[in-house]
Amino acid sequence: MKARNVNLKLSVLSMAMLGVFSSMCAYADDEEVAALMNPTSSVTVEEIYVSQGSQKFGEYNGLNKQGGYINGNINIRGGDGYKKNESGDTTRWSIQGTDLGLSDRSASVGYSDQGSWSATLGYDALQHNLAPGYQTPYAGSMGGNNFTLPPSIGGRAVPFAIPAATPGGTQTLTGAGFSNQDISTTRQNTSLNSKVDIDRNSNVTFDFNHLDQSGAKLMAFASSQWTAPLVNVNVTSGTPPVTKLTPMASVYGQGISILPNPTNYQTDTANLAYNWKGESSHFTASYFGSFFRDGYNGVQWQTFGVSATAPNTNATGMNTMSTAPSNTLQQLNLAGGYDLAAKTKLTGNFSYGRNTQNASTSVDSFQLGTFNQANSAFNGLVNSAHADVKVIDQTFKDLILSAGYKFDGRDNLSQSNMQSFNAINGNGAYYPNTPLSFKNSVFEAAGEYRFTRDQKGSLTYQNKYLNQYCNQYAVGTTGGALGSTIAGTLTNGSLVGNNYPAGANCATTPSSISNNLTALYRNKVTEDFNFRFSYGFDVRSATNSTTALTSFTDAAPNGSPPNAPGQNGQNYIGYQPYFEASRIQQIVKGGMNWQASENLSLGLGGKYTYDNYTASTYGVQNANIWSVNFDATYQYAEKGSVIAYATQQNGMRNLLSLSGTSSTTGTFNNNLNENDTTLGVGFKHAGLMQDKLTLMADATYSLGQSTYSTALNYPTTGTAACGLSTVGTCGTLPAIANRMAALKLGGAYRIDKHSMVGLRYAYQHLNSNDYYFNGYQAGYTPTSVLPTNQSTGSYNVNVISASYMYSFD
């Protein structure tokens, strides 16, 4: 939902505003002008108090728990290369650390001999706090890969059937047996960056990173729900008669458990490069390697409603799902440039990579079929290539010309096989894996002309071509015997699944061509006033394959038989995803800067984008977005200033789709309107109390809203009611809104040349409402979903910080 995107923006804003509580580097920056000959070092210690624990407030900044935090920063530099540089000494060293007491900390140690070599060892960590209010009845640690249920949940014995055995299903559960669990992911990165100078023109660099990721992210795990066994029944069609495994007087469906899917990853990357630079040319050759390893190969969880006779699970209700497989990427890169003439330059880059994935993954034996089973090792192979070249010429006075070409290719050579498995509803399913490949090329030509010393104009043309395809798609469409617990069709001893004929196309949009033309004009009217304006026009023409068979193709919505021409990957004819559909886009941008007086400066900018999906009968029809931003700075005293800013952004998306199961039922329009407003004012005054006191303050208000509205369009035949569950509810839904207000006050007092103390206070409030979260609450979930009681994360938080910084030479 859009609200979660807005929440992310607000969390990033929270981090930016409250980062001041984890560092006094702002004060240290004022000392950065200390001469390079005599660098200033500093050590900072601070105490932070947070009034309320909040996963959302502390999403990134590490202040997610109520209580006190001890934090610190360190910045120490030395070496004879600073003070004895004139005598030939070139050695320098540094020790730096930021937010050492918080979860978003970083540190580094470096040493260099200028002109010879350098090396820096670094460490940084970041914790991302997720899912405010999450509760679960499952036993299992966050970051683990095994989750089991207690003997009963909310007064009901486990397992229990869904939905018929107990009316209301999971909606009848109470909160008993549910416990709170904090969900987060943590990344810790260790790095080594080094350089060795061979001579004045060449060097070798080596960069190594070890990334350790732990924790978990919430994900929905689905499993079958059964109340009666399957029995064989004869169907009187076909020769010989078809036999199917069919549930008799049974109820089946899927049960959803929302669980912390573990993140237990380690990634090592290495980059070794040789760099050379001459008077009129430069060249780089490098190797890049990425080695990803998953500490698990699967997750096991127990379903809350299952019978011992269910064909696609065991009697204990334990299910298995694979996790991300380990893989390796190795890539060779070449880059360089050459001055063809005094005013003509040529640059280019080339790279070729090979990505392999041969790790085995966990499988659920109760959900596997017996038809053309793939090996446990996937044997995946993807080759990627990139090339670009660009020429820039300034031979003609006041005119800069450029032309370039770029190519990106992804050749997925992983084998495509038909996969057989038992679907959640108990039926047999036969689908291929889809090794999607693409080739993307871009040609660009541009020119910039200087009309006068203060006026410039430019014109840029781009042509983009995209081709998508699958290699060896859906190999092996028949063969194998019908397993005793697989629901399917047996004809003359062969299993007939979905028919994917040789040469079938997997891409519903095999290709697209885009032509873009952008014009830009800039004018410095006076020394105090300048403005810029640009207009862009982009036309994308996409092909629409009416015979494409996507990996989950089944029945034909446009008619029968299955996989009939015109199906377009099981979509209705005329539908294309907006991100690859034919489109005409127009973009207008402008801005100005005005130094109204010696003490007052103003800035104003705006942007408008309109997209029209000209060939889409269904799907997104059109969309627009516009934004305006304003900022002002007023310096009312030599060391006192006030800043103010405001931004407004609005967007609209209009979608057209069918309202039922056929084109005669009617169509409906769904509109999404987004409105984002941000207002802020800041103040800083230094030099008070004999240049010892600095005061700062700022206030911010942000409002983000998203509104969906639906209107049914009736055809000439049929009068589907707007309120029917088959067509949805018409009208406008309540707004999804996030309101954030923040106030920050602070001061720093310099005791003497070496010592400084600081005191800061901040208040931040978030009021968020999103009806999406209603479905997580006990008593209101869908009948087959376990509640988690997650919330939007509204909060009221006060933060106080007191700090002491000691600086020395």
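Scan segment 429-454 and report the pairs whose first residue is closer than 27 Å to ASN412 by Cβ and whose second residue is β-branched (Val, Ile, Thr) and at pLDDT below 95, with Cβ atoms within less than 9 Å and a gap of 6+ or a chain change.
Hits for this filter: TYR430/THR477; TYR430/VAL496; TYR431/THR553; PRO432/VAL475; PRO432/THR477; THR434/THR550.
Would you point out the residue of segment 312-330, among those that are more than 22 Å from the chain's Cα centre (by Cα) and open to solvent by less than 20 Å² (accessible area, probe 1.4 Å), that is modelled with the highest pLDDT?
Residue satisfying both the conditions and the ranking: ASN319.
Do we find a residue being at pLDDT below 95, out of contact with any His (no Cβ under 9 Å at 6 or more places or on another chain) and open to solvent by 70 Å² or more (accessible area, probe 1.4 Å) anywhere in segment 345-356?
No; the residues of segment 345-356 include none that is at pLDDT below 95, out of contact with any His (no Cβ under 9 Å at 6 or more places or on another chain) and open to solvent by 70 Å² or more (accessible area, probe 1.4 Å).
So which pairs qualify, if the first residue must be in segment 763-787 and free of Cβ contacts under 8 Å to residues at least 24 places away in the same chain, the second must be open to solvent by 60 Å² or more (accessible area, probe 1.4 Å), the Cβ gap must be under 8 Å, and the two must be at least 6 apart or on different chains?
Correct list of pairs: ASN774/TYR780; GLY775/PRO782.
Answer yes if at least one residue in segment 34-43 is at pLDDT 95 or above and surrounded by fewer than 18 Cβ atoms within 10 Å (Cβ to Cβ), and no otherwise.
Yes, segment 34-43 contains at least one residue that is at pLDDT 95 or above and surrounded by fewer than 18 Cβ atoms within 10 Å (Cβ to Cβ).
Which residues, taken from segment 575-599, are touching a Ser or Thr at 6+ places or on another chain (Cβ under 8 Å), open to solvent by 30 Å² or more (accessible area, probe 1.4 Å) and outside any strand (DSSP E or B)?
Those that are touching a Ser or Thr at 6+ places or on another chain (Cβ under 8 Å), open to solvent by 30 Å² or more (accessible area, probe 1.4 Å) and outside any strand (DSSP E or B): TYR578, GLU580, GLN595.
For segment 749-758, indicate whether the set of residues that are in a loop (DSSP other than H, G, I, E, B), of a type in the set (Val, Ile, Thr) and open to solvent by 60 Å² or more (accessible area, probe 1.4 Å) is non-empty.
The answer is yes, given that some residue of segment 749-758 is in a loop (DSSP other than H, G, I, E, B), of a type in the set (Val, Ile, Thr) and open to solvent by 60 Å² or more (accessible area, probe 1.4 Å).
Within the set of pairs 6+ apart or on separate chains, which have a first residue in segment 282-299 that is under 23 Å from ARG354 (Cα atoms), a second that is open to solvent by less than 50 Å² (accessible area, probe 1.4 Å) and among the charged types (D, E, K, R), and C-beta atoms under 6 Å apart?
As it stands, the answer is PHE291/ASP268, since those pairs meet every condition given.
Yes or no: segment 212-226 includes at least one residue that is modelled with pLDDT under 65 and either buried (at least 20 other Cβ atoms within 10 Å of the Cβ) or among the hydroxyl-bearing types (Ser, Thr, Tyr) (or both).
yes
Modelled with pLDDT under 95, in a loop (DSSP other than H, G, I, E, B) and surrounded by fewer than 21 Cβ atoms within 10 Å (Cβ to Cβ), is that true of PRO782?
yes
For segment 110-133, does any single residue satisfy the condition of being more than 30 Å from TYR296 (Cα to Cα), among the hydrophobic types (A, V, I, L, M, F, W, C) and either modelled with pLDDT under 95 or touching a Ser or Thr at 6+ places or on another chain (Cβ under 6 Å) (or both)?
yes
Can you pull out the residues in segment 70-104 that are open to solvent by 60 Å² or more (accessible area, probe 1.4 Å), within 30 Å of SER54 (Cα to Cα) and touching a residue at least 24 places away in the same chain (Cβ under 8 Å)?
Within segment 70-104, ILE70, LEU100 qualify.
Evaluate the following for ASN85: is it farther than 17 Å from PHE221 by Cβ, over 29 Å from the mean Cα position of the chain (by Cα) and at pLDDT 95 or above?
no
Looking at VAL231, VAL204, which one is modelled with pLDDT under 95 and among the hydrophobic types (A, V, I, L, M, F, W, C)?
Among VAL231, VAL204, only VAL231 is modelled with pLDDT under 95 and among the hydrophobic types (A, V, I, L, M, F, W, C).
Quick one: in segment 679-693, of everything that is touching a Lys or Arg at 6+ places or on another chain (Cβ under 7 Å) and under 16 Å from VAL757 (Cβ atoms), which residue is least open to solvent (accessible area, probe 1.4 Å)?
Among those that are touching a Lys or Arg at 6+ places or on another chain (Cβ under 7 Å) and under 16 Å from VAL757 (Cβ atoms), it is ALA686.
With the condition kept exactly as written, say whether any residue in segment 99-106 is assigned to a strand (DSSP E or B) and either at pLDDT 95 or above or of a type in the set (Phe, Trp, Tyr) (or both).
Checking segment 99-106: at least one residue is assigned to a strand (DSSP E or B) and either at pLDDT 95 or above or of a type in the set (Phe, Trp, Tyr) (or both).
The values are calculated or read from the model by the stated rules, or taken from the named source; none is laboratory data. Since the model is a prediction, treat every value here as computed from it, not as a measurement. When we count neighbours, we look across all protein chains shown, and the Cβ atoms used for this are built from the backbone with ideal geometry, even at glycine. Note: accessible area is taken over every heavy atom of the protein model, side chains too, but ligands, DNA and RNA are not part of it. Shrake-Rupley method; radii C 1.70, N 1.55, O 1.52, S 1.80 Å.
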